[in-house]
């Protein structure tokens, strides 16, 4: 756990990784101002000034970047997956559970309700909002409580009121499926191509490291594809990045940390579950 917890973080249970960086003015508590049930912030997560979260429970994964000011508010839980990037001025509503997957990009969005259901308002519903892995929410988009499938994308200023299919792109008010017109956000590539792309980035990393006189050697990081190389054997002190499983060793070495920082936000790997 981090040795210094900002005074504005109040919870019955607080778990903050020592490598997390949290602005001094960050506020995390329950909606009524009392302590939240639980707050968990992962390794190398970065939370900028102006961040406020009013939620029953908040979990922020490894390598998340949250710019400020960002506001999370509601009565329920909010869970943000590893390597997710959230821009400034984003508002996230967790009046019902909010689940954001790994590797998501959220430029600016919110969902809300305000009608009087006693008087007959039909647009009054609280339900879980789920963003699966690699979802991309464009600038100014508004997202209702829906499920956004993995790798789906909402274009700038879209108003999304229905579920988003995996690897489909949506735009407009209300948002419609534009995949047939624009093409899918992600193309299918095999592990050999993924490995080639990552090897290129690794070589660029070694070149940059040498210009900085960083004390790293090229045997400290191994990139592989288990579908091509077979079972991956991890040597002591070596960080293995596997494009087949999209995981990395997470041994916490300085070289591994620098390489992850070099890759993000354009390339994302998630900690291997041991």
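Read-outs: derived from the displayed coordinates by stated rules, not from any lab. Nothing here was measured: the structure is a model prediction, and the numbers come from that model. Note: ideal-geometry Cβ built from the backbone for every residue, glycine included; neighbour counts use all protein chains shown.
The simple spin-label model puts a point 7 Å past each Cα toward its Cβ; for residue 206 and residue 162 those points are separated by 5.1 nm.
As a calculated quantity, the FRET efficiency between residue 188 and residue 253 at R0 = 30 Å, using C-beta atoms, amounts to about 0.35. Taking the helices alone, the chain has a mean residue ellipticity at 222 nm of -4000 deg cm²/dmol, built from -39,500 (n - 2.57) per DSSP H run of at least 4 residues and averaged over all its residues.
Taking Cα atoms only, the orientation of helix 191-211 departs from the longest principal axis of the chain by about 70 degrees.
Over all pairs of different C-alpha atoms, the range 19-155 has a mean inverse distance whose reciprocal, the Kirkwood radius, equals 14.9 Å. Taken along its three principal axes, the alpha carbon spread of the chain comes to 68, 51, 33 Å, from the longest extent down to the shortest. Of the peptides 241-251, 150-160, 8-18, the ranking by mean beta-carbon count within 10 Å, highest at the top, reads 150-160, 241-251, 8-18.
Using Cβ counts within 10 Å as a stand-in for footprinting exposure, how do 216, 262, 269 rank, fewest first?
Fewest to most other Cβ atoms nearby, the residues stand as 262, 216, 269.
A Förster radius of 22 Å combined with the Cβ-Cβ distance from residue 139 to residue 49 puts the calculated FRET efficiency at roughly 0.60. Gain on full extension, evaluated as 0.36 nm per residue between residue 199 and residue 117 minus their Cα-Cα distance, stands at 23.9 nm. Summarising the label geometry, the points placed 7 Å from Cα in the beta-carbon direction at residue 15 and residue 127 lie 3.1 nm from one another.
Between the Cα long axis of helix 254-263 and the first principal axis of the chain there is an angle of about 60°, rounded to the nearest 10. Here the residues 131, 31, 198, ranked from fewest to most Cβ neighbours within 10 Å of their Cβ, fall in the order 31, 198, 131. Annotation for the range 1-72 versus the range 169-197: alpha-carbon center distance of 33 Å.
Remark: the residue 217-residue 25 segment gains 65.2 nm on full extension, using 0.36 nm per residue and subtracting the alpha carbon distance. Cβ-to-Cβ counts within 10 Å put 204, 128 in ascending order as 204, 128, the fewest first. Normalised by 2.2 N^0.38 Å, where N counts its residues, the alpha-carbon radius of gyration of the range 191-271 equals 1.02.
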